[in-house]
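Beneath this line is the structure, given in structure tokens, with notes to follow.
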Amino acid sequence: MEPVIALIGVTVVVFLVNKVWSRRPRGIEIALRAGVAVMFTLTGFAHFTMMRADLVAMVPDWLPAPDAMVTITGLLELAAAAAMLHRRLATPAAVGLTVLLLAMFPANITLALSGRPLPWWDELVPRTLMQALFLAATITLAVLTHRSARHTTEDVIRTSTAA
């Protein structure tokens, strides 16, 4: 549940601060980049801390080397979170996180169907809805940052040809 709170909370706070105090408000893109960065920093660190054993246990049996899988996905999450802070890297990071979320979803299904006692947010329906929210955030970012980068490039081309 903490990742949802981090994503929504940071996105809303950054959006409002940007809107109120910025001379050039940058809209939802910068706020969503911040929210996604904080969320994946939180989840990335979880791969190496107290939750590691639980995450290793979530890896489906048909995947090899569960410990290595958790390490790799944790490193990818941390790298993508850092990339969100750099405008040019935000699009590939958002696309990568989208693919990663889709690839890791079977582990969430495995956990939800394991029969172990779980908090309500790890049961199948709530977890699927959370995953949909995370995917909506990363897909939206991929589109917004791609458009933003394209418009910036077009502006540079117009400026250089006008000179």
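Bear in mind these aren't lab numbers, they're just calculated from the coordinates by the rules spelled out. This one's a predicted model, so the numbers in the text were calculated from it and none came from an experiment. So basically every Cβ, Gly included, is an ideal-geometry build from the backbone, and we count neighbours across all protein chains shown.
Shape summary: the chain maps onto an equivalent ellipsoid whose semi-axes, from the alpha-carbon gyration tensor, are 34, 17, 13 Å in decreasing order. For the chain, the longest principal axis of the Cα atoms and the long axis of helix 2-21 meet at an angle of about 20 degrees. Extending 7 Å from Cα along the Cβ direction at Arg116 and again at Ser22 yields two label points whose distance is 4.0 nm.
Between Phe45 and Ile139, the contour length at 0.36 nm per residue exceeds the alpha carbon distance by 31.6 nm.
Positive end of the dipole of segment 2-162, charges at C-beta (+1 Lys, Arg; -1 Asp, Glu), about the Cα centre: which of Thr73, Leu141, Ser22 has its Cα farthest in that direction? Positive-end residue among those listed: Ser22. Angle of helix 87-112 to the longest C-alpha principal axis of the chain, folded into 0 to 90 degrees and rounded to 10: 20°. When you restrict to C-alpha pairs under 8 Å that are six or more residues apart and normalise by the size of the chain, the relative contact order lands at 21 percent. Sorted fewest first by neighbouring Cβ atoms within 10 angstrom, Thr43, Thr140 come out as Thr140, Thr43.
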